[in-house]
Amino acid sequence: MQTLTILGATGSIGISTLDVAARHPDRFAIFALSCHSKIVDLAEQCRKFKPLYAVVSDSSKVDELKKLLELDCPDTEVLSGVDGLSFVATAPQVDTVMAAIVGAAGLLPTLEAANAGKRVLLANKESLVMAGPLFMNAVKTGGATLLPIDSEHNAIFQCLPPDYGNEKRGGVRKILLTASGGPFRTLDLDALPGMTPEQACAHPNWDMGRKISVDSATMMNKGLELIEACWLFDVSPDEVEVIIHPQSIIHSMVEYVDGSVLAQLGNPDMRTPIAHAMAWPERIDSGVSSLDIISAAQLDFEAPDLERFPCLALAMKAAQMGGSAPTVLNAANEVAVDAFLSGQIGFTQIAEIVSAVLNQAENTEPSTLEAVQLCDQQAREQARELIPAIA
Ligand code: NAD
Ligand code: MG
C-alpha cells in the first residue's frame, strides 16, 4: 500500500490523480488532500476518499471547511496555510507526494517533500524552473525519487535507458520535446492581440487549468518545459529541440547516437503519465482508452515560429542565461498571465511584460531558498509595475 498526499487535489491534475487512485484501492491510500480555496470540491473529495488530513492553503476558509467535514468526515483533520501543506508533504507516514499546485506557490511543499526523501510526482514544473539547482540538490541529499508527470517529461523518462543519469548517458544524443502549438498555432498574426482568456484556454487537445492553458497558447509552457527537461535529465538547452506536433499523440522523443529515435505515444490524457509515475516501475490501468492509431492516421511535425511565440524565444534565452533568469522569467510570466486572465492586459502583452522584466533584471546565482524567493518577489514587483503602464 502506498500512502499518498495530493497537493492541489481540486485542480485538473489532482482530479486525474484521484481518478487513477480510485481504480486501485488496494494500492493507494489517501493520506492528505489540499486545495487553495475550492473547499466545497475538497469536501466532496474527502467524503469519497476519507483522507486523514484536508488542507486549505487559504487560511481564511479553514472554519468553513471544518463545518463542511464535521458530519461526514469526523476522522479527517483539517489543517491550513503553508504549515499545513508542509506537514502533509513531509509526514513520516507519507510515501508519495503528488505536487500539483499551480505556480510558485508549489515550491515550498514540493521542495520539502524532496528534502524529506519522498517519492515526488512532479506536475508543478514552476518549482523546478524557479529553483532548479536547489530542487535537484534537495532530491539528491534527501534521497527522494523524482518522477515527472508532465506528459513530455514522462514520455522522455520512458524513452531513456533505465540506467540513465549520474553521468551515464547511455548513448543519448538529444531530446525532442513535442508541443501541440496550442489554440493559436495557425491564427492570423494580426488577430493575436485580440484573443480573449476563453479563446486562449480552449486548448485543442488537452483539458487543463487556466494558467497552463494560457502558457500553452503563448508556448511559454514549452519554454518552461525546456528548462524543466534540462534539470530533470541533466542536459543543456542545446540538447533539447522543440518540435510542434499538433495531434499530441507523440508525447516526446529521445534520439540516440546510432540514429535510433524512441517515442512514447498515447491518447492525450494526463491519467497515462500519472498512472505511470504512481505505479513505476510497474504498470497499472489508468482508465485511458487504447490509442486508435489508424483513425489518428496522420502525425505532423513543424518547427516553432518564434515570431508567433515570443514567449518560447524568451524562455530559450533564459535557459541559456541560467542563474536567476529562469526564476525571473517564471515570476514575470505568472504575474502577466494573471493580469491577462483578469482582463487587465491583452494576450500579446504577456510576452512584452516578460521580455521587459527579463531585460531589466540583474542575473544572479541564487543559492538559497531565501535568495530565490527574493528574486521571485522582485521580478513580480517589476512585472506589476508594468501592468497599468501597458494596459
Ligand atoms: P489547476 O489550476 O487546475 O489546479 C491547481 C491546484 O493548485 C488547485 O487544486 C488549487 O486549489 C491549487 N492552488 C492554486 N493556487 C494555490 C496556492 N496559492 N497555494 C496552494 N494551492 C494552490 O492547475 P493544473 O492544470 O492541475 O496544473 C497544476 C500543475 O501541474 C501546474 O504546475 C501545471 O503546470 C502542471 N501540469 C498540468 C497539466 C494538466 O494537464 N493540467 C499537465 C502538465 C503539467
Ligand atoms: Mg506538458
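Given (1) among the polar types (S, T, N, Q); (2) closer than 30 Å to Ala336 by Cα; (3) under 24 Å from the mean Cα position of the chain (by Cα); (4) outside any strand (DSSP E or B), where does Ser34 come up short, assuming only one miss?
So Ser34 meets the others, but not (4).
Can you give me the number of residues within region 337-375 that are within 21 Å of Pro310 (Cβ to Cβ) and in a helix (DSSP H, G or I)?
Going through region 337-375 one residue at a time, the tally reaches 17.
Have a look at Asp41, Asp83 and point out the one that is under 24 Å from the mean Cα position of the chain (by Cα), assigned to a helix (DSSP H, G or I) and farther than 28 Å from Ala279 by Cα.
Details: Asp41 fails: farther than 28 Å from Ala279 by Cα.
The unique qualifying residue is Asp83.
Considering each residue of region 2-29, count those that are more than 17 Å from Pro109 (Cα to Cα), of a type outside the set (D, E, K, R) and more than 16 Å from ligand 2 (Cβ to nearest atom), and give that number. Before the answer, list the steps.
Residues of region 2-29 more than 17 Å from Pro109 (Cα to Cα): 2, 12, 15-29.
Now drop any that are not of a type outside the set (D, E, K, R), which leaves 2, 12, 15-18, 20-22, 24-25, 28-29.
Now narrow it down to the ones that are more than 16 Å from ligand 2 (Cβ to nearest atom): 2, 15, 18, 20-22, 24-25, 28-29.
Final tally of qualifying residues: 10.
Being under 18 Å from Ser252 (Cα atoms), of a type outside the set (Asp, Glu) and either in the same structural domain as Leu18 (by TED's automatic domain parsing) or surrounded by 10 or more Cβ atoms within 10 Å (Cβ to Cβ) (or both) is the filter here; which residues of region 289-307 pass it?
Leu291, Ile293, Ala296, Leu299, Phe301, Pro304
Just to be sure before I move on: is Asp26 in the same structural domain as Leu71 (by TED's automatic domain parsing), among the acidic types (Asp, Glu), in contact (Cβ under 8 Å) with a residue 24 or more places away in the chain and assigned to a helix (DSSP H, G or I) in the structure I sent?
Working: in the same structural domain as Leu71 (by TED's automatic domain parsing): yes; among the acidic types (Asp, Glu): yes; in contact (Cβ under 8 Å) with a residue 24 or more places away in the chain: yes; assigned to a helix (DSSP H, G or I): no.
No, not satisfied.
Output the number of the condition that Leu232 fails; it satisfies all remaining conditions of (1) in contact with a strand residue (DSSP E or B) (Cβ under 9 Å, 6 or more places away or on another chain); (2) modelled with pLDDT under 95.
With (1) in contact with a strand residue (DSSP E or B) (Cβ under 9 Å, 6 or more places away or on another chain); (2) modelled with pLDDT under 95 applied to Leu232, the lone miss is (2).
Quick one: count up the residues across region 357-391 that are more than 27 Å from Phe135 (Cα to Cα) and either at pLDDT below 95 or among the small types (Gly, Ala, Ser) (or both).
Residues in region 357-391 being more than 27 Å from Phe135 (Cα to Cα) and either at pLDDT below 95 or among the small types (Gly, Ala, Ser) (or both): 5 in total.
Regarding Ile249, is this residue within 13 Å of ligand 1 (Cβ to nearest atom) and of a type in the set (Val, Ile, Thr)?
Working: within 13 Å of ligand 1 (Cβ to nearest atom): no; of a type in the set (Val, Ile, Thr): yes.
Against the criterion (within 13 Å of ligand 1 (Cβ to nearest atom) and of a type in the set (Val, Ile, Thr)), Ile249 does not qualify.
Which condition from (1) surrounded by 22 or more Cβ atoms within 10 Å (Cβ to Cβ); (2) among the aliphatic types (A, V, I, L, M); (3) in a loop (DSSP other than H, G, I, E, B) is the one that Leu107 breaks?
Unmet for Leu107, out of (1) surrounded by 22 or more Cβ atoms within 10 Å (Cβ to Cβ); (2) among the aliphatic types (A, V, I, L, M); (3) in a loop (DSSP other than H, G, I, E, B): (3).
Run down Thr76, Thr3 and say which single residue is under 24 Å from the mean Cα position of the chain (by Cα) and of a type outside the set (D, E, K, R).
On the way: Thr76 fails: under 24 Å from the mean Cα position of the chain (by Cα).
Testing whether each residue is under 24 Å from the mean Cα position of the chain (by Cα) and of a type outside the set (D, E, K, R) leaves just Thr3.
Applying the selection to region 197-233, what residues are among the polar types (S, T, N, Q) and either in a helix (DSSP H, G or I) or buried (at least 20 other Cβ atoms within 10 Å of the Cβ) (or both)? Spell out how you get there, then give the answer.
Here is the first cut: in region 197-233, the ones among the polar types (S, T, N, Q) are 199, 205, 213, 216, 218, 221.
Passing the criteria: Gln199, Ser213, Ser216, Thr218, Asn221.
The values are calculated or read from the model by the stated rules, or taken from the named source; none is laboratory data. A quick note: this is a predicted structure, and the numbers were derived from the prediction, not measured. Note that we place each Cβ from the backbone using ideal geometry, even for glycine, and neighbour counts take in every protein chain shown.
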